[in-house]
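Comments concern the structure below.
The values are calculated or read from the model by the stated rules, or taken from the named source; none is laboratory data. Since we're looking at a predicted model, the values are computed, not measured. Here the Cβ positions follow ideal geometry from the backbone for every residue, glycine too, while neighbour counts run over all protein chains shown.
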């Protein structure tokens, strides 16, 4: 396949485009402008909240495609391209289960904002990092007038070893994703980053061979399968490395930017 044919780039944020300090290399914006000039679309695909992503990339927010909440919500130029919400009854059943898991905290991720019941300092440090719009409520089960895109569980015992085991039996009905060391995400069975890529490919008439994706963790797994130019970070989960076609340098060594630089070289 020809690298110069790439028309869509989608990258995860944490552990991928951002370094371990959650920082974005300013060089990105110069690369972004050059890609835009070549009419290459760029998508930020993350488990983060849309408003958080928009603020993180505020300098280019009018030209970025935002794949938020692990593919439950896609926004481009202030237009919703996909809203894949959970049924209210499902949300309630998941909250009931989650409340029984030790050393965990629940975030109900709405389209309008995120909802939490607890405000412990160590929990809020993580909430504030990923959710720019948030509201403290007395009972998550009483939240109304919003569409619920995801339930995120902050698990201080480790999501893969602890909270995941409580929901593993629901994997045929829902997306049950270990999306980070401390994070488990529960969303609609059709909501994942891979399906989000398919939605964009159809929307913009772009095919598999013209798609480039980057990821590092298990919530990127489906996305790795939707672009020929699929890159796992050197710091990626072993399963992501097995699934991706290529491996690039780590997020702390600007692996994404290095590949994008090579891409631009082929296009010049």
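At a glance:
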| item | result |
| --- | --- |
| Residue within the stretch 17-37 that is under 20 Å from residue 198 (Cβ atoms) and modelled with pLDDT of 95 or more present | no |
| Filter result (within 19 Å of residue 71 (Cα to Cα) and assigned to a strand (DSSP E or B)) within the stretch 155-182 | 174, 175, 176, 177, 178, 179, 180 |
| Matching strands (runs of 3 or more DSSP E) fully within the stretch 209-250 where at least 1 residues are in contact (Cβ under 8 Å) with a residue 60 or more places away in the chain | 211-215, 229-233 |
| Flag for residue 75 being in a strand (DSSP E or B), free of Cβ contacts under 8 Å to residues at least 40 places away in the same chain, in the same structural domain as residue 199 (by TED's automatic domain parsing) and closer than 26 Å to residue 197 by Cβ | yes |
| Lone qualifier among 219, 235, 251 - being under 20 Å from residue 27 (Cα atoms), surrounded by 17 or more Cβ atoms within 10 Å (Cβ to Cβ) and in contact with a helix residue (DSSP H, G or I) (Cβ under 9 Å, 6 or more places away or on another chain) | 251 |
| Matching option when the condition is assigned to a strand (DSSP E or B) and modelled with pLDDT of 95 or more, among 197, 97, 101, 107 | 107 |
| Failed item in (1) surrounded by fewer than 18 Cβ atoms within 10 Å (Cβ to Cβ); (2) closer than 25 Å to residue 104 by Cβ; (3) touching a residue at least 60 places away in the same chain (Cβ under 8 Å), with residue 185 passing the rest | (1) |
| Residue ID - surrounded by the most Cβ atoms within 10 Å (Cβ to Cβ), chosen from residues in the stretch 41-72 that are touching a residue at least 60 places away in the same chain (Cβ under 8 Å) and in a loop (DSSP other than H, G, I, E, B) | 72 |
| Output for the stretch 188-198, where each listed residue is farther than 17 Å from residue 167 by Cα, in contact (Cβ under 8 Å) with a residue 40 or more places away in the chain and over 11 Å from the mean Cα position of the chain (by Cα) | 195, 197 |
| Out of 3, 94, 53, sole residue that is within 18 Å of residue 213 (Cα to Cα) and out of contact with any helix residue (DSSP H, G or I) (no Cβ under 6 Å at 6 or more places or on another chain) | 53 |
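A quick yes/no check of all residues on (1) surrounded by fewer than 19 Cβ atoms within 10 Å (Cβ to Cβ); (2) within 14 Å of residue 47 (Cα to Cα); (3) modelled with pLDDT of 95 or more:
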site	(1), (2), (3)
114	no, yes, yes
125	yes, no, yes
142	yes, no, yes
161	yes, no, yes
166	yes, no, yes
173	yes, no, yes
177	no, yes, no
189	yes, no, yes
215	no, yes, yes
